[in-house]
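Scroll down for the structure; my scribbles are underneath it.
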Amino acid sequence: MSGSGSREGFGSPPWDPADSVSELEDTRAIPGRGNAGRPQQDKPGSGADSGDNADGAEQPPSARRARKRPRRRSALVELLVLGVIAIVLALIIKTYAIQAFFIPSASMENTLDIGDRVLINKVVYDFRGIHRGDIIVFDGNGSWDFNPPSSPNIFSRFANDLEGIVGISHDSSIYIKRVIGLPGDHVVCCNANGQITVNGVPLSEKSYLYPGNQPSAQPFNITVPSGRLWVMGDHRAVSYDSRGHMGDPGGGTIPENAVLGRAFVIIWPPSRWGILNIPATFEQPQLNSPPASNSSAALAAAMDNGTPLQSAGPVAAALPLALGFTGAVPLTWLQHRTRRRLSARRKRRRAADTE
């Protein structure tokens, strides 16, 4: 049989022996049998993470960007929610527990310098009375300031609250002084040694008075009325305190219920950081002896040994609820976020098992 006849024969191969055989990569898969050639290698961009759709076609870049947008929006929403929660918690803490105050004047030098920021404890006097030697922050409206305060709108009040969070509020009716006399105390300036006496006991004030200041250049003799306090600054030469308001109702004293809290620490600047302790001179046990006075009311007040504990008012009663809310909000958020992460992890594992 001739060469041409061999090509035209019924069972002859369709190529010459000299013709090249097709590459195995070009062979097609037989249904149900897989690829007839060698195993196909994974190509870059293939697989579950390649962004291909179910038919094996690669998704366009616009589709991948659209899939990422919800994640970015979700992150922005979470940051916004965190910011709102942080502000709410800060306002709650500032209202019910701790608040920062800026020192604008020299009346408490050198204990407190101009520009210092202090924290005040607003709940301490719900658990104990006011002590002599405490540094207190109080509202002077009605005792030292008699101009009716203006009523700011809701936006102004909110701005003032935000300022109060970081201690930059400059309310002119808010004062910071040291407690010298409690209700019923007989406070006198001065004895033969130039010292202020409380219930006949001289105070050794050198440790906290401004260097070179005398206890007081202005004499006074007062029995502190019930429910009121006699307060003075540590820089006596420049402090406009109870001595400067002796002609006002209350004889210069301030009401106990005007006290906002006790200053207990300097937080700024870092070089001034420190705890504001009660000076040792106010720990003298003789200070609690009743003064010799013909006033039975003053004697009864002095026997109370300071400010009696008062029943919790509306603010103190709401404190547990506020603290509970403070703890519940972040815990609820963390629980929700943890649940979402665990759910996403389970979905990824199930998807990996099915591949």
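Some values worked out for this structure:
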quantity: Only one of Asn221, Asn257 that is outside any loop (DSSP other than H, G, I, E, B) and within 15 Å of Gln195 (Cα to Cα); calculated: Asn221
quantity: Odd one out for Gly252, checked against (1) part of a helix (DSSP H, G or I); (2) small (Gly, Ala, Ser); (3) buried (at least 21 other Cβ atoms within 10 Å of the Cβ); calculated: (1)
quantity: Residue tally, condition of a type in the set (Asp, Glu) and either under 18 Å from Ser289 (Cβ atoms) or modelled with pLDDT under 95 (or both), over region 203-248; calculated: 1
quantity: Candidate set from region 229-241 (those that are free of Cβ contacts under 8 Å to residues at least 60 places away in the same chain and crowded, with 24+ Cβ neighbours inside 10 Å); member that is nearest to Pro255 (Cα to Cα); calculated: Trp230
quantity: Some residue of region 119-142 being surrounded by fewer than 18 Cβ atoms within 10 Å (Cβ to Cβ), more than 25 Å from Gln284 (Cβ to Cβ) and touching a Pro at 6+ places or on another chain (Cβ under 7 Å); calculated: yes
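Per-residue answers, yes or no, for (1) within 23 Å of Thr253 (Cα to Cα); (2) at pLDDT 85 or above; (3) under 28 Å from the mean Cα position of the chain (by Cα):
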residue: Gly129; (1), (2), (3): yes, yes, yes
residue: Asp134; (1), (2), (3): yes, yes, yes
residue: Phe138; (1), (2), (3): yes, yes, yes
residue: Asn153; (1), (2), (3): no, no, yes
residue: Leu182; (1), (2), (3): yes, yes, no
residue: Asp185; (1), (2), (3): yes, yes, no
residue: Cys190; (1), (2), (3): yes, yes, no
residue: Thr197; (1), (2), (3): yes, yes, no
residue: Val201; (1), (2), (3): yes, yes, no
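One line per residue, one yes/no per condition, for (1) surrounded by fewer than 14 Cβ atoms within 10 Å (Cβ to Cβ); (2) at pLDDT below 50; (3) touching a Ser or Thr at 6+ places or on another chain (Cβ under 6 Å):
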| residue | (1), (2), (3) |
| --- | --- |
| Ile266 | no, no, no |
| Ile275 | yes, no, no |
| Ile278 | no, no, no |
| Gln284 | no, no, no |
| Ala298 | no, yes, yes |
| Gln310 | yes, yes, no |
| Leu331 | yes, no, no |
| Leu334 | yes, no, no |
| Arg349 | yes, no, no |
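The values are calculated or read from the model by the stated rules, or taken from the named source; none is laboratory data. Computed from a predicted structure; not experimentally measured. Note: ideal-geometry Cβ built from the backbone for every residue, glycine included; neighbour counts use all protein chains shown.
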